[in-house]
Structure formats: C-alpha cells, structure tokens
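Have a look at the structure below, then the notes.
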Amino acid sequence: MSDAFIEVQDLVAHYGEQLVLDRVSFSVQRNEIFVVIGGSGCGKTTLFKHMTGLLTPTSGQIIHAGQDIMTLDEDGLSALQRTIGIAFQSSGLFNSMTVGENVAMPLREFGDMDETLIASVVDLKLSLVGLAGAQRMMPSELSGGMRKRASLARAIALDPPVVYFDEPSAGLDPIMAAGLDDLILALKRLLGITVIIVTHELDSIRKVADHVLMLDRGHVIFDGTVAEAEHSEVERTRQFFERRPDEAILQRSL
C-alpha cells in the first residue's frame, strides 16, 4: 500500500460534454509543497476543486489520508473537509466581518471552543502570518498582500494537515509575492503541514516547490522536481520554464 498522504488515480472530469481532466494520476507526500502548473485552461483549478471535494469527478479516485472521497457520504465529506485549509485566489474574506471574525468563523462553526479560547487562537494565527493586531480591521482596510495573509490565517485556523492555495501570488507586486513565498515556507517548517499550490508564477515555483505536476489539455505531462522540470525532455515543460512563447500562436498574431 502506498504511504502517500494524497493519491489521485485515473481522475476524469467533465464540464457538461467537455472533457477537462483525462485519467490524471499522481501522489502527494506529507510535509511537501506540491505545485500544480500549466497554461490557462489546462485544468489546474478544476483539479484543485476535485481534490478538496468541491466538485465530484466523472470517475477515478481521490484518496485523502486513506479515505476515498468518492465513497464518503455528505457527513463524511464534511468531516474530511474540516481537515483541509483553503486559501482562495480572491482571499474569500467576508467584507462585512472584521479580520478577526473572518479567522474565527471556522473555529466557531467547527471548533467547539469557548470565545476566550477562540480569541486566543485568532491572535496566534494572525501573529503567525504577520498580522498581529489586525483583528479589528476590516478587509477593505487591508492591502492585497495583507488580505492574502488573512485568508491564510483563516485557512490554518483549525490546524489542518494540508492547505490548498489557488494562485497565491496573483495580483501581488514582486516584493509582496516574495514575502508570501517566505511565509508559506515558514509555515510548512513551523507547522509541519502539506501545501498544495495552483500557480503559474515561475519565481514562486522555483522558490517553494518540492514537487511539480504539470497539466496540459487535461493530461499530466510532467511529474517531478523543479530541477527535473528545468531539463525535462517534454518540450512543453521546458517551454514553460524557459518562458518561451508558443511559436504557432506567435506566427498567427504577426
């Protein structure tokens, strides 16, 4: 039996009649930063949503810590999802709530703890992401980078063993993006979490990734380390890491 933390086996997914993921298989080990890459429309975000149980695939298996998501009933899936942290691309903060209330929300919903303890946990999580003292601020008062950090604080509120990021650097300037990369690395080290990131930002990929999976038109075309990707025999993978344009598209545009 595999000792992988998460296994995806022969995953097939459709949107209506359109095939989006075609027999996708790979595994994620504990305490690694696993990065999913590929061009726009390749199926990255669709894969993300299936792995977190937000969408149901056409066929295949998603085995999370020994549990096959496909076999769980509604209560079982809900319980599993409480062990998964998700930091959305848009941050997903509720604008009508303070930052502290946003972070406290999963604790109040699932944590079964009193308000004094909730307040202490919120303080701790915000401190971990560099937002100590921001409890009473509104999301509208935060910069883009601060919103991403607040979203991360909420994602780790329940101490999940795995955290998913959807395009964490999107919309951030290079300095803020680098700071978020450092934060992800620090949290992995401090908390011992597994991190799964969907992104196309080369600088971030090179800095944080332990393992890289590349999708193209719904298929896995590369599965390995960054160093292996840089020298891959797969032309599409080398093209991505060398940031070379698609010659066919370039010729059509001239």
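What follows is calculated from the coordinates using simple rules that are stated; it is not laboratory data. Fair warning: this is a prediction, and the values are worked out from it, not measured in the lab. Cβ: placed from backbone, ideal geometry, glycine included. Neighbour counts: every protein chain shown.
Here are the numbers:
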read-out: Cβ-based exposure ranking for Y164, Y15, in which fewest neighbours within 10 Å come first; value: Y15, Y164
read-out: Dipole magnitude (debye, nearest 20) for the stretch 92-159, charges at Cβ of Lys, Arg, Asp, Glu; value: 380
read-out: By average C-beta atoms within 10 angstrom, highest first, the peptides 37-46, 217-226; value: 37-46, 217-226
read-out: DSSP beta bridge pairing in the chain, given as percent antiparallel to the nearest 5; value: 55
read-out: Furthest towards positive pole of dipole, G171, L152, G224, structure part the chain, Cβ charges; value: G171
read-out: Rounded to the nearest 20 debye, dipole of the stretch 1-146 from Cβ charges on Lys, Arg, Asp, Glu; value: 480
read-out: Ratio of the Cα radius of gyration of the stretch 92-159 to 2.2 N^0.38 Å, where N counts its residues; value: 0.97
read-out: Angle between the chain longest axis and helix 115-128 axis [Cα atoms, degrees, rounded to 10]; value: 40
read-out: Fully extended contour minus Cα-Cα distance, from T83 to A170, at 0.36 nm per residue; value: 28.8 nm
read-out: Extreme residue, positive dipole direction of the chain, given options L21, T237, T58 (C-beta unit charges); value: T237
read-out: Rounded tilt (10° steps) of 99-110 against the dominant C-alpha axis of the chain; value: 90
read-out: Helical mean residue ellipticity (222 nm; -39500 (n - 2.57) per DSSP H run of 4+; nearest 500) of the chain; value: -11500 deg cm²/dmol
read-out: Dipole in debye (nearest 20) - the chain, about Cα centre, beta carbon charges: Lys, Arg +1; Asp, Glu -1; value: 580
